[in-house]
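Here's the structure we're looking at; comments come further down.
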Amino acid sequence: MKYLKTYEYTKKQLEDELAKSIGFSISSIQNINNEPDVGDYVICHKNLQGWTNSYKFNAFINENIGQCVELLSSKKFSIKYEKVPKEIKHFFIRENENLYAHCRHFSKEDIIYYSNDKEDCEVYLASKKYNL
């Protein structure tokens, strides 16, 4: 028994090491069972098919950060995007150009990550891009 290696790291030490290597804290990752609030930044996943330019829309939604501007119900959110390309603008709401320009409604299941800090979402996208 004297030759057994002792347990070197506690869970907290491992989390700290991981936070240093990837650039953000484990505690900043939120549980997806909670819901984003107005003002939170979100990353959504959508897979529309059968529409003209739907592949461009899917790529844009999956690779860009949106901001929650309105809670429509407990499972529906209005998400606003910046710099939407002209060829996919018809996928977004145009009712009121001030509030709803470049907005789209998403369900809770479409939101894969959210945070009140945009940098956390950028780190998540980068980690997804490089399969980290």
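The values are calculated or read from the model by the stated rules, or taken from the named source; none is laboratory data. Just so it is clear, the structure is predicted and the values come from calculations on it, not from any experiment. With ideal geometry, Cβ positions are generated from the backbone for all residues, glycine too; neighbour counts draw on all protein chains shown.
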From the options SER73, SER78, SER127, residue that is touching a residue at least 12 places away in the same chain (Cβ under 8 Å), hydroxyl-bearing (Ser, Thr, Tyr) and either in a loop (DSSP other than H, G, I, E, B) or within 30 Å of LYS20 (Cα to Cα) (or both): SER127
Count of region 86-104 residues which are surrounded by fewer than 18 Cβ atoms within 10 Å (Cβ to Cβ) and either part of a helix (DSSP H, G or I) or at pLDDT 90 or above (or both): 4
Any hit, region 3-15, residues being more than 26 Å from ASN131 (Cα to Cα), modelled with pLDDT under 90 and of a type in the set (Lys, Arg): yes
Residue satisfying all of: in region 73-85; closer than 12 Å to PRO36 by Cα and modelled with pLDDT of 85 or more; surrounded by the fewest Cβ atoms within 10 Å (Cβ to Cβ) among these: LYS75
GLY66 small (Gly, Ala, Ser) and either over 25 Å from VAL123 (Cα atoms) or at pLDDT 70 or above (or both): yes
Region 35-46 residues that are modelled with pLDDT under 90, paired with ones that are basic (Lys, Arg) (beta carbon under 7 Å, 6 or more apart): GLU35/LYS108
Matching residues, region 54-93, being within 16 Å of the chain's Cα centre (by Cα) and of a type in the set (S, T, N, Q): ASN58, ASN62, ASN64, GLN67, SER78
